[in-house]
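Throughout, read-outs are computed from the coordinates displayed, never taken from laboratory work. In this text, all values refer to a predicted model and were calculated from it rather than measured experimentally. Here the Cβ positions follow ideal geometry from the backbone for every residue, glycine too, while neighbour counts run over all protein chains shown.
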Amino acid sequence: MVDYPSATERGKSFGEPQLADIRAEWGWVRKGIEEMLGDNEYLGVIPEDVFVACKTGAAHLWITEGGFVVTTGETDMINGERIFLVWLAWAHKKGGNEAVRWFDFFEDQAREAGFTKFEVRTKYPKLGDYLQQELGFELVTANFGRRISGRT
């Protein structure tokens, strides 16, 4: 369990998500990333990858009353379309759906930054169902993975 500091302890007052300095929030954010990585071996990153991406501006850390969201951008190599990606989302209270709760906010951020597509990737089918039924997302692709075992 992540030792999650309250907004008061962090000296923050929240309405909408706030763009944050990864270095200032790293103590608790790192623990949240480690928790997510422990649940998903296929993410293929280590916490320091997220730190560097945020520090260099390749990704952005948004903190909320209930957790954090890390967003980044991608460019489709075929059509050049700019994609706003919710890369990681962690909530202190499981099932809090921090990224979904703030969908309108993040969509506005994406639009203002010139993105034309919004993506959320998840291993949780129920979140996918919610994204499709409630927010108008459509299934673009599903990634299935399996480790290759050695021959005996």
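In this simple spin-label approximation, ILE78 and GLU112 carry label points 7 Å from Cα along the Cα→Cβ vector, and these lie 3.2 nm apart. Using only side-chain charges placed at the Cβ, +1 for Lys and Arg and -1 for Asp and Glu, the dipole size of region 18-135 relative to its Cα centre rounds to 180 debye.
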